[in-house]
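Report on the structure given below.
Every number here is computed from the coordinates shown, using simple stated rules; none is lab data. For clarity, every value in this text was computed on a predicted model and none was experimentally measured. Positions of Cβ are backbone-derived with ideal geometry, glycine not excepted, and every protein chain shown enters the neighbour counts.
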Amino acid sequence: MIETYDDLFVKQCMRCHTPTPTDREEGDVYCQKCASPLANRCTNISDDNFSNYEGCGVALKPEAVYCPKCATISLFAREQLIENKYPKVELVSNFEDDEPVF
Ligand SMILES: [Zn+2]
Ligand SMILES: [Zn+2]
């Protein structure tokens, strides 16, 4: 169980355990010490201004590995802040489109 505030921000950083400032400004969503995200969300977000597609991007509980609405991996899982016990098997047909895996 990961403790959060009412707005689903974690009470301390998932990586470096720095307490999340309660007086943080709106839009402050990353840890000031290690740049980890402080709130989990669906990573299905469209940043493409030329597309009409609207990503899901809903706020998720910190334990959520996948979005229950669209099955996209959560931000915390992508950043490896929480364990992903059941990684999706990707149907990889074109390696060039994939981000490098470290
Ligand atoms: Zn941190
Ligand atoms: Zn989603």
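The figures follow:
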{"item": "Estimated distance in nm for a label pair at LYS85 and CYS34, the labels positioned 7 Å out from Cα along Cα-to-Cβ", "result": "2.3 nm"}
{"item": "Built amide H within the under 5 Å cut-off of ASN44, gap 5+", "result": "CYS56, GLY57"}
{"item": "Using θ = phi - 60° and Karplus 6.51 cos²θ - 1.76 cosθ + 1.60, couplings along segment 66-71 (whole Hz; Gly, Pro as x)", "result": "10, 6, x, 8, 9, 6"}
{"item": "Spin-label pair GLN12/GLU54, simplified geometry with 7 Å Cα→Cβ offset, distance in nm", "result": "3.9 nm"}
{"item": "Rounded FRET efficiency, nearest 0.05, which uses the C-beta distance separating GLU26 from TYR5 and R0 of 22 Å", "result": "0.95"}
